[in-house]
Every structure is written in C-alpha cells, then in structure tokens.
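Visitor: Take a look at the following structure, please.
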Amino acid sequence: MKRKGDELRLAATDVTTFAACAHAIALNLAVAEGTRPPPPRYPDVAAQLLSERGLAHEAAYVAELRKTRTVEEIPDRATDAAQRTLEAMQRGVDVIYQGMLRSGRWLGRPDFLIRVPQPSGTWAWSYEPADAKLALTAKVNGLLQLCFYSELLSLLQGVRPEQMTLVLGDMRKETFATARYEAYFRWVRRRLEEAVTSPIATYPEPVDHCDVCDWFGDCQARRRADDHLSLVAGISGSQRRALDLVAVRKLGELAVLTPDARVEGIGRPALARIREQAGIQLRGRDLGALVYDLIPDVEDGHGLMRLPEPSPGDLFVDLEGDSFALGEGIEYLFGIAARPPTAGGSPSYTALWALDHASERAAFEQLMAIIAEHRSRHPDMHVYHYAHYEPTAFKRLAGRYATCVDALDELLCAKVFVDLYAVVKQGVRASVESYSIKRLEPLYGYERDVPLPVANRNLAAFAAWLERGAASELPAELRAAVEGYNRDDCLSALQLHAWLEERRTELEAQGDATLPRPQPESGKANDDLQEQIGRVRAVMNALLVGVPEEPELRDEAQNARFVLAHLLEWHRREDKSTHWVYYRLCEQPEEELLEDRTAIGGVTYEGVVGREARSLVHRYRFPPQDQTIDRAREIHDPRTKAAAGTRVAVDASEGVLDLKRGDKSAVPHPSAVIPYEVVQTKEHRASLLRLGEHVRDLGLGPTPPMTSALALL
C-alpha cells in the first residue's frame, strides 16, 4: 500500500493482509497517509531465512521450466516493468517470470505467467498465473493472490484465466479452477476498497497473521493496556466473540463473572474453565507472583491421575526439527534425559544428531533401541514429553522410513508415552498467559543454561546453515548452543515431572484419599496377528534378497520386487496411523472434546424422533462448537469405543445430532461422539500377500492369474 500523488495504490499483499487482519490494513493506511510512522523493523534471522528459502524455491522452479520452455525475466527494479510485461505477453513468450500487472490503483507481481492455448481477445494465446509457495498445502492467502492476478490478467488480455497454479514447497503443482474462487476474492477486494475509502474503527484481535506482522509489538502493547480477553490462557476467538456480545471484554470482567452466568455460544464447562483461568491470572497479577491451583474434579484417568508410578528407567525426550530443510523437512536433534542412577546424582543427557535423511533414520532407530533397552531392564518405565510433537514425529518417521512401525505401535498401545502438557492442562491451573513449558518453569524453579532469546537466535541461525546445505561446516559453538537448548528442554521436563508428582501428593492430602494410577498394558499384538506378521515378513525378506537399498542401483525387476515387498505392509501401516488418531480422541476428557473440531462433546439425549423399518432415530443435543462429524465414515462413542449409531442428520446451527439404531439395541447413549475412519483392508492385504508369494515362488513372469498385477509391477 503506497500513495503516489492523489492515488492510493494497492497490491496483492494488501488483499491477503486484509483477509487476515483488517486492523493491520488500518495501520498500514495510516502510514501511507502520513498520520503515523511505520512499525519498527528488527533484524529477524528466521524471516531472512524464509525469504532466502522462497527465492531458492522460485529459482528451482525456473530451472525446471527452462528445460522445456523459454523464460523471460522482468528485472525487479525496472521502472517500466508493467509495460515490458505487456509487451512480452503480446509476443507470446512461453513463461514470464516476475512480471508486473497494473490496472488503475491495483498492482500485482505474480511469480510466473504461463502461456496457454486458450485465445484471448486479440491473441491466439493467453496467460494463467502461477505462484511458488514454501507451504506443503494450499493456503487461503495463496489462492487470494492468484485470484488477484487472474483479475488483472482478465483486464489486460480480455479473457479470464481458466486455471491458476500453486507450486508447493515439495515442487508439487496444484491447479485450481478460477471460477470457483473469484466470487470470494471479489467480496474481499470490495470490502478492502470500502475500508480504505471510508475507514472504520478496528481492534487488534490476535490472529495467525500476528506471527509474521511488523505491528505485533504495538498491538500486543494495546491488548495488554486494555486487559484484553486474549490474555486469558486457552481462550478461543469464538469464545471472545461470544463474551463480547454480553459486554465482557476484559480479563478482569471475565474473572468476576458469576458461576451461574450463561453465555450463548459457550458451553457451561468451557465457560467455567476460562472464567477460572482468568480468575487465577488476576490473582497472580494482584500478588505479583506466579500461583497455581490444583483441579480436583476431573474424569478418572485424567489430570494428575495420568501420572504412572515413577520408574528408574523413565526417559524424557525432546526433538528439534525444521519443516522445510532438505526438501521434506528433518528432525535434526533427538534429545533424551534419564533419571540419575543414584539418589542425589545428576540426570544424564544424550544427543542424537541427524544432519541428513540417512542419519535421521539412524537416529530414530537408535532412540527406539534406547527405549527398548530401558524397557527390558525396567518394564514399568515411561517416555515423557511435553505436548504432542514428539509422538507425532515418531509416527511420521516410522511411516517415512518403514522402520520400527511395530515397536512404536507397541509403545503407543502400552501407553508408554506420557504427555506432561495434558497432565498440566487437566490437573493444574496456573497464573500464566500460555501453558508452554517455558512459561511454567518459574513454578518449579528450573533455570536454563541457555537464555531463551539467545537460544531462539541460535535455532534460527542453525536452520539457515542446515537449509544452505552447509551442515558439514557448522560452527562447533553453534551446534553446542542448540544442543544446550535441547538439553534444557529435556531436563526441564524431568524437573516438571518431579513437581507434578509433588502436586499429586498434595492433591491426595487435600482429598484424604489415594489417587489411582494408570494400569500397565502390554501393547503386544495377539498371537494370530503375530503369526500373520511373521508370514508377511518372511515373504518380504525373500523378495528383497539381492535387491539394493539405493534406488539408483536397482534394475527394473529389482525395483518391482522392492515395491511389492513394501506394499505387503502398506495397508497395516496406514491403518495404524488412523487408529493412533482414533485412540488419541478416546483418551481425551470430555471438556477437550468440546474444543476438538473432529468430535462433538457435551452431548445430551433428547428422545426418539422417528422410526425407519426396525430402527429408531434417537435425537441428541450438543452445545455450540465447531465440528466435522458430518463427514465421518462412522460415529463412535469414545467411552465404549464402539459405534454409537448410524448418522441420520447433523445440524450444527441447531445443535442437533440424529443417530439410528435397532429398536432392540442396548447401546448406551453417548455423552460425546468421535469419527471412526478405519477402512477394512483385510482382503486387500490378503490379495497382496498372495501376489508376493507368487513372485517369491515363480518370479515376475506374466503368468495367470497374476498377469495384470505383474504387468503393473
């Protein structure tokens, strides 16, 4: 957004910024009008790194295009860039890189304009826009930008582009039909034009855009001065909007809300939680200290009851990773802390480094071996982590490398992983604005060896070295600093666990009763499954005899055997990931299901509302919440882990769920429902195993009845 004389010029970034945050546009407009100074800009290594990554991604796509098409680049600072772009379009250049499109006050710089055979008003061709984005999935901002470029193109060439393309971070190209998105784009653009022509009052509501906005410091200062509701830990945007409608707009106002108050759009348990959170934050502020309360009334098996009996073999893990490095991202540091071997001793710490994908696999396998070794000596041991990142990464690594899948599944089924964040969130209420482990450390007295501001700069610098492919030249002091940060995270989790054990004892004393602990579970597959796995593995091993691990060393037949061998367990691996999500939902307390978009919590039974053949239609009510249960294959009750009935209707606006069950069904009525997405693949797996046995015994020759499958291989 810039003012040139009497004209205010707008660009694609103004459209996407407005869609993300109208307040940011209001501030930018004030800068353009000269009524306030621009925001201060601080050196940001991470932002610089992202910029460099983006340029490298564009360059890689340009190189790919040049293999088959002519590419003309418009110089970035050319004063006549718009005219040169139009001339290149008139000449029918294959690809125009970094062109400029202009119409009136609107100015756009698409990464690429791609020539297509569709005739324009005056040419036998036309152009469609393409943008390179580091993200691995299409985002709203990217589509809005493409719509913006398509609109400008349609004015210049006389025909609307039929398609627009995003080149994602992994070089995949996703193409979108322009007609499907242009109505939304025009609505956003119209509202932006109204906002700059007739400015209205805006407020700096926290949004995702805050993470990349130069105005963040100003906005956060204003929210703090206003005692804004966003300072309440764990409050959602929809809850803030609902409270605003009843004139509750400050943390202090929420804290003194009466327990019998009702707010449309917020369920009673959720309202109680955020009210009590605001209350303890207000108390901590008044005392000038960090304070906490224990939460006694939680469901069995949750909160402090999630803590298993401490074991000498317990481990505490934390990973450092980069989602963009080396193409697919990498977990570059696996940190493990263990309890001291003797009372009064110091805990140990192990760092497993991985600076390429081969060493990432090796580090993951080594970590799994360390866990297995500890578990062999201490069967009651557990692996503690803070929040869900570590188990999620383990599942991703097991799937990516097809390694340790069964070992990981056993650990998950045996509930060896314990999330200390879930223990804190369900069992302790603290006067913090965020339940990140760093904010909690003053509660249990952990002092970091590497200060957080220094650690954050080191992490950004390390990511830059890794992204540039210069890991072998990594300065020893930078690597040591990153390892120190990871060590702090692991030891902080260990000390947090000790503090939570003390709080568990404190809660037992308050209630004058012993709290139950989780019961041990084996996690091992049953005998029938183990027999099936053994049969599959035997065929896999036979197929892989003499087949090189490196793809470039395999001939066509060896590659076919390699693909078939790993297909034999593909369905089971995929089923596991679906089951892992399902059981995570089953273990969540009902209050958290209220806030999980995939589920519906707070369900109450209303009665029978219809009959279909020999089935009854049962109606349930639920409080306002975001949900996607209407897309689920099946609907289950997380408490019984069984089908709750067949979905007949879901009406989120009315809070109604209708389920059909047999008229003789004794299935209990659920208080929450979750999706069950497991696809039955027994026949698929059996068919692939038969194919594998055929190739093992008879080879890849096209023999009936496997002719078609063998030809595909």
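The values are calculated or read from the model by the stated rules, or taken from the named source; none is laboratory data. Keep in mind it's a predicted model, so treat the numbers as computed, not measured. Every residue, glycine among them, receives a Cβ derived from its backbone with ideal geometry; neighbour counts consider all protein chains shown. Each accessible area value is taken on the protein alone, full model and side chains, heavy atoms only, with ligands, DNA and RNA left out. Shrake-Rupley method; radii C 1.70, N 1.55, O 1.52, S 1.80 Å.
Visitor: Take Thr505 and Val207, extend 7 Å from each Cα along the Cα→Cβ direction, and tell me the distance between the two endpoints in nm.
Guide: It is 5.0 nm.
Visitor: If you don't mind, another one. Quick check: Cα centre of the range 586-615 to Cα centre of the range 452-520, how many Å?
Guide: Between the Cα centres of the range 586-615 and the range 452-520 lies a distance of 37 Å.
Visitor: Largest first, please: the extent of the C-alpha atoms of the range 68-149 along each principal axis, to the nearest Å.
Guide: 34, 29, 24
Visitor: Below 8 Å, C-alpha to C-alpha, sequence gap of six or more: please give me the relative contact order for the range 376-439 in percent. Display every interim value, and only then the final one.
Guide: Working: 39 pairs, mean separation 26.1, N = 64.
Relative contact order here is 41 percent.
Visitor: Computed over the Cα atoms, what is the radius of gyration of the range 629-713 divided by 2.2 N^0.38 Å, N being its residue count? Could you put the intermediate results ahead of the total?
Guide: Details: Rg = 21.4 Å, N = 85, 2.2 N^0.38 = 11.9 Å.
Relative to the 2.2 N^0.38 Å estimate, the range 629-713 comes out at 1.80.
Visitor: Let me ask you something else. How far apart, in nm, are the 7 Å Cα→Cβ label points at His579 and Glu7?
Guide: 6.4
Visitor: Taking the full set of protein chains and a 1.4 angstrom probe, give the accessible area of Leu420 in square angstrom, rounded to the nearest 10.
Guide: Solvent-accessible area, nearest 10 Å²: 0 Å².
Visitor: Moving on to the next point. Ordered by residue, what ³J(HN,Hα) values in Hz, to whole numbers, does the range 337-344 give under the Karplus form 6.51 cos²θ - 1.76 cosθ + 1.60, where θ = phi - 60° and Gly and Pro are x?
Guide: Those phi angles translate into 10, 10, 5, x, x, 10, 4, x Hz.
Visitor: With an 8 Å Cα cut-off and a minimum separation of 6 or more residues, compute the relative contact order for the range 271-398 in percent. If you can, show how the numbers build up before the last one.
Guide: On the way: 144 pairs, mean separation 29.6, N = 128.
Dividing the mean separation by the residue count of the range 271-398 yields 23 percent.
Visitor: Defining a contact as two alpha carbons under 8 Å apart and six or more residues distant in sequence, what relative contact order in percent does the range 1-110 show?
Guide: Values: 98 pairs, mean separation 27.4, N = 110.
After rounding, I find 25 percent.
Visitor: Grab the Cα-Cα distance for His357 and His388, subtract it from 0.36 nm times how many residues apart they are, and report the gain in nm with one decimal.
Guide: Values: separation 31, 0.36 × 31 = 11.16 nm, distance 2.23 nm.
Extra length from His357 to His388 when fully extended: 8.9 nm.
Visitor: If you build the Cα gyration tensor of the range 333-456 and take the root of 5 times each eigenvalue, what three semi-axes come out, in whole angstrom, biggest first? Write down the numbers at each step before the final one.
Guide: Values: eigenvalues 137, 65, 59 Å².
Largest first, the range 333-456 gives 26, 18, 17 Å.
Visitor: Could you give the length gained by full extension between Ala372 and Arg633, i.e. 0.36 nm per residue of separation minus their alpha carbon distance, to one decimal place? Don't jump to the answer; show the numbers that get you there.
Guide: Values: separation 261, 0.36 × 261 = 93.96 nm, distance 3.61 nm.
Roughly 90.4 nm would be gained on extension.
Visitor: For the range 434-450, in order, what is each residue's ³J(HN,Hα) by Karplus, 6.51 cos²θ - 1.76 cosθ + 1.60 with θ = phi - 60°, in whole Hz (x at glycine and Pro)?
Guide: Here the 3J(HN,Hα) series is 7, 9, 5, 4, 5, 5, 8, 4, x, 4, 10, x, 8, 10, 7, 6, 10 Hz.
Visitor: Just read off the accessible area of Ile274 with the full protein assembly in place, 1.4 Å probe, to the nearest 10 Å².
Guide: In the full protein context, Ile274 sits at about 0 Å².
Visitor: Shifting gears a bit: Among (i) -0.29, -0.73, -1.24, -1.39; (ii) -0.41, -0.98, -1.29, -1.33; (iii) -0.32, -0.87, -1.56, -1.65, which is the computed log10 I(q)/I(0) by the Debye sum over Cα atoms at q = 0.05, 0.08, 0.11, 0.12 Å⁻¹?
Guide: Computed from these coordinates, log10 I(q)/I(0) by the Debye sum over Cα atoms at q = 0.05, 0.08, 0.11, 0.12 Å⁻¹ corresponds to label (iii).
Visitor: Turning to a different aspect of this structure: Give, as ranges by residue number, the residues of the range 479-500 whose backbone N falls under 19 Å from the point 7 Å along Cα→Cβ of Ser346.
Guide: 480-496
Visitor: Could you rank Thr681, Thr13 by how accessible they are, 1.4 Å probe, largest area first? Mind dumping the intermediate values first?
Guide: Working: Thr681 10, Thr13 75 Å².
Solvent-accessible surface, decreasing: Thr13, Thr681.
Visitor: What is the percent carbon and sulfur in the accessible area of the range 312-417, measuring with a 1.4 Å probe over the protein chains and ignoring ligands? Before the final figure, lay out each step's value.
Guide: Details: 2340 of 4150 Å².
Using a 1.4 Å probe with all protein chains present, the range 312-417 comes out at 56 percent carbon and sulfur.
Visitor: Just to verify a number: what accessible area does Lys641 come out at with the full protein assembly present, 1.4 Å probe, Å² rounded to tens?
Guide: 100
Visitor: With a 1.4 Å probe and all protein chains kept in place, how do Phe148, Phe176 rank by accessible area, largest first? Let's see the in-between values first.
Guide: Details: Phe148 5, Phe176 25 Å².
Final ranking, largest accessible area leading: Phe176, Phe148.
Visitor: Work out how much length Arg66 to Leu478 would gain on full extension: take 0.36 nm times their residue separation and subtract the Cα-Cα distance, in nm to one decimal.
Guide: Values: separation 412, 0.36 × 412 = 148.32 nm, distance 3.82 nm.
Value of the extension gain: 144.5 nm.
Visitor: Could you let me know the centre-to-centre spacing of the range 1-28 and the range 257-332, using Cα atoms, in angstrom?
Guide: Between the Cα centre of the range 1-28 and that of the range 257-332, the gap is 38 Å.
Visitor: Take Arg375, Arg503 and sort them by solvent-accessible surface of the protein heavy atoms, 1.4 Å probe, largest at the top. Mind dumping the intermediate values first?
Guide: Working: Arg375 50, Arg503 30 Å².
The residues order as Arg375, Arg503, largest area first.
Visitor: Ignoring ligands, DNA and RNA, what percent of the 1.4 Å accessible area of the range 646-701 is carbon and sulfur? The partial results should precede the final answer.
Guide: Details: 1470 of 2990 Å².
Solvent-exposed carbon and sulfur of the range 646-701 make up 49 percent of the total.
Visitor: Carbon-plus-sulfur fraction of the accessible area of the range 1-105, 1.4 Å probe, in percent? Write out the running numbers ahead of the final one.
Guide: Details: 2920 of 5810 Å².
With neighbouring chains kept in place, the figure for the range 1-105 is 50 percent.
Visitor: At a Förster distance of 56 Å, what's the computed FRET efficiency of His684 paired with Ile200, Cβ-Cβ distance as r, to 0.05?
Guide: On the way: r = 57 Å, r/R0 = 1.02.
That gives a FRET efficiency of 0.45.
Visitor: If you project the alpha carbons of the range 550-699 onto the principal axes, what extent comes out on each, in Å, largest first?
Guide: Per principal axis, max minus min of the Cα coordinates gives 64, 35, 23 Å.
Visitor: Oh, and also: Please report the antiparallel percentage of DSSP beta bridges with both residues in the chain, rounded to the nearest 5.
Guide: On the way: 63 of 76 bridges.
In the chain, DSSP labels about 85 percent of beta bridges as antiparallel.
Visitor: Express the accessible area of the chain per residue in Å², computed with a 1.4 Å probe while the remaining protein chains stay in the model. It would help to have the intermediate numbers written out before the result.
Guide: Details: 35720 Å² over 713 residues.
Ligands and nucleic acids excluded, the figure is 50 Å² per residue.
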